[in-house]
Amino acid sequence: MEEEARSEVRCPQCHYPETYPPTPSSTSRFTPEERRKRARELVLELTGVLGDSVLDSVLTEITKGYGKEARLVRRKRLDRLKVCWCHRSADDEPDRSPPVRRVRFDHTSLSADRSEALGLNVSYVENEDDVLNYVCIVRDPSDPPGSSKPGLVEVPDDSRHEDPSETDAKQTVPDGKRVICSVGGFEAISGGTIADRPAELLVDTGAIASLVDARVLKQIGLANAPLRPYEGSLNGVTGFPLKIRGEIDLPLRLGVVTRSQTFAVVEKLHVHAILGTDTLKDFRAVIDVEEGLMMLKGSGESIPLGTPRVEETYVSRVASTVRLCPGGQALVVANVMGRAPENATVLIEGLPELDPLLKVARTLCSVQEGQTIVEICNTSHEDLVIRKGTALAAATVVPDSAFSTTSSVRTSSAVSTHSDQCESQAHPDLDAVIGAVVADKDPPKDPMPGLDEAYQAELDADFTDSKLGDEQQGLLRSLLGDFRDMFVESSLKPGRTDLLEFSIDTGAHPPIKQRPYRVSNAEGDVMEAEIQQYLELGIVRPSTSPWASPVLMIRKPDGGIRFCIDYRRLNAVTIKDCYPMPLIDDILDVLRGAKLFSTMDIASGYWNVPMHAGSVEKTAFTCKYGLFEWLVMPFGLCNAVPAFERLMENVLVDLKWRTCLVYLDDCVVFSTDFPTHLVRLRQVLERFRAAGFKLKMKKCRWGA
């Protein structure tokens, strides 16, 4: 309709046959193909990502609407058009207006990217009356003649002021820093306990009240505890009021002092609690800013303080239009919106409102000149076009403190020749664990004898969503009983396959050694617990490797802490495995028509695969507790996904696509009737047993 409005219309008394439109149906200078091409560009600009079939349907509807409305638009414009000045009669009132000028209104500056893509000269010649319908000329009387310059004019916004809380709720990812506390005084991180549970506390001398995150109440079993109404209001750093659910008294311990303290309960704090001036006064706390200590006058203790962390999250938008073929993967350049720090390391995650057929890999990248790299994958069976400017991912800045090296970093010779001695000195509690796991690193493969009632309940089949009758459930239970040795109650008891040893091919590249990153007290506790658990399971061991990748503790969306290993430099020198992943659309096509489904989950899938002896040293990771290396395939290696998919497809080589489907550690068995379902389940379970896999019963579903 915009094209029709801009089209040429001549005076009905002096038009020439060669310039007047030959038919009354349209006055557009563009052919139907050109109009459709322009409509395609505009639709993609508005929607961002759209499949070809859906896009064709939308363009067809637009074309139909244009054909119906074009005549009406032309008729209205002809009615509005007046007779040319050259045909005015002498009786007409003299025209005191300035001489008529032919105006050429060039729209190319407004749509340069579209006109370049179309290869068209998008400019229009209109008469004076038409221009006045579309153009409003604004002139500042204070400007001298001839001083005007082309550009954008800033105009006041007369829209109503939005409620700040509503505005924030609409933003999936804020454009700048996420506020975690008020401002106005000294801030530092301290350790302590709330209701005997370790907590990360933010000491803020600028906060007049103490706050606790609502998730802490859930962790200590007080999620449904009654809250007293909070009298008054609190504002955050932005000046907007905080949403306070109420207040509650909780036992707070700092050092050896424990007191019942009043906290205002709020949502989504970045720490467990904020200690305001009310708490500091009750504990008689004195802060030494120079030494980074908080002294309690009552007990005489000195508690070390750390640096607070403020998380920054930015929206990343596609820098240029990208077309992805079915199943295609690509590394695209994205513009980081806002003032993201240059050379900062960011965690890339897909936005929740993104098209479900477009997947964004969770990666760590660096910001270079306001841009970063985003890895995307098209899981559909048709081309996807991602328009320039489409919001693609959230880029969360990983604070510099996460990458700072510890002050007690060991030299390379100490790591390579005295790792055991340094380890025992750094953390003696690990020595007892090391001695307990050296004798037996492999989990037993014998059937588990003498299960108690609690374990038996964990291993019972779940028929909650099952379509099977009581008799059919009994037959299926009998079948599963034949494979009782394959099921474990926890993902921390993986099996061990002998069909694959995972290797890392780095060619002739020399070993890469990195220093450990600094961590807070709370992060250090999680790190210690994770490493001790891995040692107990026999999946890691102390290392003397020349390779070393640092451990990185990442905050989860729910406030927890995730143990990760930064293998980016190792992955950069690894020769890539290009084994393909199955397309989701192909999987759905195969499942069409099936009536019964059973799903199985491999317990800790990657940990079922042992490392090749020559590659164990390359998996070494370093932290404040020493240097360790993996005996099983760890998460975070670039070739882990294709290697595990290849293993699963080899195990089920003649059953896949006919009896079952597999996607990494998940397997679905399908059939149209119950007898066939039993036969197929037995076939798959026998393959898994032969491969040495273990299944977690709680994640399996039968006969749905």
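Odds and ends about this structure:
- Fewest-first sequence of 249, 213, 383 by Cβ atoms within 10 Å of each Cβ: 249, 383, 213
- Note that segment 534-541 has calculated 3J(HN,Hα) couplings of 5, 5, 5, 6, x, 9, 10, 8 Hz, one per residue in order, obtained from phi through the Karplus relation 6.51 cos²θ - 1.76 cosθ + 1.60 (θ = phi - 60°); glycine and proline are x.
- Residues 564, 325, sorted so that the one with the fewest Cβ neighbours within 10 Å comes first: 325, 564
- Pairwise alpha-carbon distances in segment 585-704 exceed 25 Å for 32% of all pairs.
- Couplings 3J(HN,Hα) of segment 638-649, computed from phi: 5, 9, 5, 5, x, 5, 6, 5, 4, 4, 4, 6 Hz, in residue order, whole Hz [Karplus 6.51 cos²θ - 1.76 cosθ + 1.60, θ = phi - 60°; x for Gly and Pro].
- A Cα-only calculation for segment 470-699 places Rg and Dmax at 19.9, 63 Å.
- Under 11 Å, Cβ to Cβ, from residue 581 - net charge with Lys/Arg +1 and Asp/Glu -1: -1
- Segment 266-300 and segment 582-655: distance between their alpha carbon centers, rounded to Å: 46
- Within-9-Å neighbourhood charge of residue 251 [Cβ basis; K, R +1; D, E -1]: 0
- Counted charge near residue 592, where neighbours are those whose Cβ lies closer than 12 Å (Asp, Glu -1; Lys, Arg +1): -2
- Computed from label points 7 Å out along Cα-Cβ, the spacing between residue 381 and residue 214 is 4.3 nm.
- Going from the fewest other Cβ atoms within 10 Å to the most, the residues 539, 512 appear in the order 512, 539.
- Remark: C-alpha extents of segment 314-392 on the principal axes read 38, 21, 20 Å, sorted largest to smallest.
- Amide H to amide H distances under 5 Å link residue 206 with 185, 186, where only residues 5 or more positions off or on other chains count and H is placed in the peptide plane.
Where a number appears in this text, it was derived from the coordinates with a stated rule and is not lab data. In this text, all values refer to a predicted model and were calculated from it rather than measured experimentally. Glycine gets a Cβ as well: all are built from the backbone with ideal geometry, and neighbour counts include every protein chain shown.
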